[in-house]
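J.: Okay, handing you the structure first.
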Amino acid sequence: MSEANAPALSTRGLAMSFGSLVVAKDIDLSLPKGVRYALIGPNGAGKTTLINLMTGMLKPNAGQIFLGGEDITALEPQERVRRGLARTFQINSLFPGLTALEAVTLAVCERRGSSGEFWSKLSSQSEAIDEAHEILLRLRLGDSCYQPTRELPYGRQRLLEIALALATRPKVLLLDEPAAGVPQEESGDIFEAVADLSQDITLLFIEHDMHVVFRFASHIIVLVGGMVFAQGSPAEIAADPRVREVYLGKRKHG
Amino acid sequence: MIPKSGNRLSDKIMRPQDAMSLAGAPSQPQEYLRSLSRWHPLEIAFWLATLLPFFLFPTYLSLASQIAVAALFALSLDIILGYAGIVSLGHAAFFGIGAYAAGLFSKFVWGEPFSGLLIAAAMAALIGYLTSFIIARFRHLTLIMITLGLGLLLAEAANSAGWLTGGSDGLQGVKIWPVFGYFKFDLYGTTAYGYSLAVLFLVFLAVRRLIHSPFGLSLRGIRENWTRMPAVGADSRAHIRKAYTIAAAIAGIAGAVIAQTTQTVSLEALSFERSADVLVMLVLGGAGRLYGGLVGAIIFMVARDQFSGIAPQYWYFGIGILLILVVMLLPNGILGGLAKLTARWSRK
Ligand SMILES: Nc1ncnc2c1ncn2[C@@H]1O[C@H](COP(=O)(O)OP(=O)(O)OP(=O)(O)O)[C@@H](O)[C@H]1O
Ligand SMILES: [Mg+2]
């Protein structure tokens, strides 16, 4: 596999189980560069687990993960992040006592390799600070950036999740239900921000709302019981009778 | 690079102040971060007040010197506990290493105090660095037990190596030359306090700088959310190793100062009580605040001194009650409580 035209992210034979519960089985995926994927599936299908496996927060029982053609299976999570694989969390995982600006600056400094400097002043890291501020402005968090994270409204915290991931300058960004828990009228804002991301970033997002999925994804992967059940364009998925049965159908009745 | 496609969003909320950054002057966010590290008038007042004992309590300068050492020790614990969230019950190990290193150095090499400090810092940093590889792998209870174990181990080793340390008799023959060849360590403790205070202040300046550095921000990140750090590309273990080494070096300096100012070293320097006391001081004053250890050390040491005049046998009884009250009523220590109070005050 040559580096140049390798997929941005791919997996081969990925498998994982918690005791007797199989949460990932023979997962072979290949995400071409710049594509926007939605990962859907019923609760407990193993979607979050798949992101945990890709990012190294969980170690697979079998299989490999490739980032831009490079085998990253053995790498630590932070090493994967530094190679351009970032994620957000379904349940907020932020820095409650840091202001939004501090948190994003922290992530930028980590990427730039200046986070180990204990003799230089943070305030003189002008490029890092301005970059962090710019990311916050881009996500419309400009007027929240001096507020401690714990005081931010929930919806803004969800945006800060994305801001932290962007600060790592990802090539591949995995978003775990970016609008989870956000009221419907605000979730639009979050997905607008996601849609505004660079086309160079390969995107995979987990989402339960089918309207959102069909609107923002160019490709859909359906995960059921830890296995890739179907994948294809939104039109193909919408027309697939099996998918309708196990997933979409259930939604209609529920 | 983040593309320009989002500019449309930022234009809407970009305030005129933000746009000024284009002119080369520090941008508003830079200004904001700078303002966080600016000296507060209260800080200046605090340091001026540390000179008062010379004039007001000239008979208490030995105590003042011990307080300065305790404050320095608490400051070092604050780096790992207050800023990086690493609980240690064996921090006296580094205090003791520094004390014995400085004492032995003066006995066998020479008595110049500042070179003794450097040797002590280097020895403590070396041991700190080596143990940091274990420390950085664990959290919570495991970590508490490991630090406790390492501390006890070292105390026992010093006890057994009586030929070197003097064992329970203490290290004899510590001879410290006058500071700058001029200020002799006298009985009144004038030089001792001046020396301890100067060392405390210089180390404090360095720690203050560290806290307001990119590294300091990463340490706060570790404390705030350890599990998120890898997801922003941070190697938390490397940060912890570094913080632990620096804290060990500072604890070593504190130990060296006590050895030099009292011209003896006892096994007490390595004891579990010392590890526990410093933890209590920091928690009383407020962990994770630059002045928490300093304020805690003052309260703890003055209270102990007063108590020992009245009823020394009840000292731990008194400190126990104080500790319980503080952690129950003021979870962020006395300074945390004061900060909350002034915040409420200014909002009114
Ligand atoms: N650490 C763990 N230990 C044991 N079981 C786990 C663990 N994490 C997840 N599981 C189980 O694995 C299954 C898959 O969980 P996962 O979080 O990946 O689902 P999901 O598709 O993200 O679901 P949701 O839509 O609810 O977020 C679930 O049954 C869950 O209970
Ligand atoms: Mg999930």
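J.: Looking at A:Glu131, A:Glu117, A:Glu110, A:Glu102, which one is more than 7 Å from chain B (Cβ to nearest Cβ) and not aromatic (Phe, Trp, Tyr)?
T.: Result: A:Glu131 is the single residue among A:Glu131, A:Glu117, A:Glu110, A:Glu102 that is more than 7 Å from chain B (Cβ to nearest Cβ) and not aromatic (Phe, Trp, Tyr).
J.: Would you tally the residues in region A:164-212 being within 16 Å of ligand 1 (Cβ to nearest atom), over 25 Å from A:Ala235 (Cβ atoms) and either open to solvent by 30 Å² or more (accessible area, probe 1.4 Å) or small (Gly, Ala, Ser) (or both)?
T.: Number of matching residues: 2.
J.: Follow-up question, since we're still on this one. Answer yes or no: is there a residue in region B:234-257 that is over 25 Å from the mean Cα position of the chain (by Cα) and under 30 Å from B:Thr59 (Cβ atoms).
T.: Checked against the condition, which is being over 25 Å from the mean Cα position of the chain (by Cα) and under 30 Å from B:Thr59 (Cβ atoms), region B:234-257 yields no hits at all.
J.: Here's something else I'd like to know. Kindly indicate whether any position in region A:169-180 is under 19 Å from B:Gly221 (Cβ atoms) and outside any helix (DSSP H, G or I).
T.: yes
J.: Sort out which residues of region A:203-226 are more than 16 Å from ligand 2 (Cβ to nearest atom) and either more than 18 Å from A:Ser10 (Cβ to Cβ) or away from chain B (no Cβ under 14 Å) (or both), and write them in order of number.
T.: Once the filter is applied, which keeps residues that are more than 16 Å from ligand 2 (Cβ to nearest atom) and either more than 18 Å from A:Ser10 (Cβ to Cβ) or away from chain B (no Cβ under 14 Å) (or both), region A:203-226 yields A:Met210, A:His211, A:Phe214, A:Arg215, A:Phe216, A:Ala217, A:Ser218, A:His219, A:Ile220.
J.: Residues in region B:83-99 that are out of contact with any Lys or Arg (no Cβ under 7 Å at 6 or more places or on another chain) and open to solvent by less than 20 Å² (accessible area, probe 1.4 Å): how many?
T.: The qualifying residues number 9.
J.: Working only within region B:83-97, note down all residues that are under 13 Å from the mean Cα position of the chain (by Cα) and assigned to a helix (DSSP H, G or I).
T.: Hits for region B:83-97 are B:Tyr83, B:Ala92, B:Phe94, B:Phe95.
J.: Consider A:Ile27 against the criteria (1) open to solvent by less than 10 Å² (accessible area, probe 1.4 Å); (2) out of contact with any helix residue (DSSP H, G or I) (no Cβ under 8 Å at 6 or more places or on another chain); (3) more than 8 Å from ligand 1 (Cβ to nearest atom): it satisfies all of them except one. Which criterion is unmet?
T.: It is condition (2) that A:Ile27 fails.
J.: Mind telling me which of the residues B:Thr245, B:Thr264 ends up being more than 16 Å from B:Leu200 (Cα to Cα), modelled with pLDDT of 95 or more, open to solvent by 10 Å² or more (accessible area, probe 1.4 Å) and not charged (D, E, K, R)?
T.: B:Thr245
J.: Please determine, by comparing only the residues of region B:200-209 that are in contact (Cβ under 8 Å) with a residue 60 or more places away in the chain, surrounded by fewer than 23 Cβ atoms within 10 Å (Cβ to Cβ) and more than 14 Å from chain A (Cβ to nearest Cβ), which one is farthest from B:Pro58 (Cα to Cα).
T.: B:Phe204
J.: Right, another one. Would you pick out the residues in region A:36-62 that are away from ligand 1 (no atom under 16 Å from the Cβ) and open to solvent by less than 30 Å² (accessible area, probe 1.4 Å)?
T.: Matches in region A:36-62: A:Arg36 only.
J.: Which residues, taken from region A:134-163, are within 9 Å of chain B (Cβ to nearest Cβ) and open to solvent by 20 Å² or more (accessible area, probe 1.4 Å)?
T.: A:Glu134, A:Arg138, A:Arg140, A:Asp143, A:Tyr146
J.: If A:Arg112 passes every condition in (1) away from ligand 1 (no atom under 16 Å from the Cβ); (2) under 16 Å from the mean Cα position of the chain (by Cα); (3) charged (D, E, K, R) but one, which one does it miss?
T.: Result: A:Arg112 passes all but (2).
J.: Okay, moving on. Any chance you could count how many residues in region B:145-176 are surrounded by fewer than 18 Cβ atoms within 10 Å (Cβ to Cβ), farther than 30 Å from B:Ile135 by Cβ and either under 27 Å from the mean Cα position of the chain (by Cα) or in contact (Cβ under 8 Å) with a residue 40 or more places away in the chain (or both)?
T.: 3
J.: Now, a different point. Considering only region B:210-237, how many residues are more than 7 Å from chain A (Cβ to nearest Cβ), in a helix (DSSP H, G or I) and open to solvent by 20 Å² or more (accessible area, probe 1.4 Å)?
T.: Counting residues in region B:210-237 that are more than 7 Å from chain A (Cβ to nearest Cβ), in a helix (DSSP H, G or I) and open to solvent by 20 Å² or more (accessible area, probe 1.4 Å) gives 2.
J.: Okay, next question. Go over the candidates B:Leu148, B:Leu72, B:Leu61, B:Leu42 one by one and state the one that is modelled with pLDDT of 95 or more and part of a helix (DSSP H, G or I).
T.: Exactly one residue qualifies, and that residue is B:Leu72.
J.: Another question about this same structure. Please tell me if A:Val228 is open to solvent by 30 Å² or more (accessible area, probe 1.4 Å) and not small (Gly, Ala, Ser).
T.: In short, yes.
J.: Also, quick follow-up: When only residues in region A:66-97 that are under 25 Å from A:Gly155 (Cβ atoms) and within 16 Å of ligand 1 (Cβ to nearest atom) count, which is most open to solvent (accessible area, probe 1.4 Å)?
T.: By that ranking, first place goes to A:Ile91.
The values are calculated or read from the model by the stated rules, or taken from the named source; none is laboratory data. None of the values given here were measured: they were computed from a predicted structure. A quick note on method: Cβ atoms are made from the backbone with ideal geometry, for glycine too, and the neighbour counts reach across all protein chains shown. Only protein heavy atoms, including side chains, enter the accessible area calculation; ligands, DNA and RNA are left aside. Shrake-Rupley method; radii C 1.70, N 1.55, O 1.52, S 1.80 Å.
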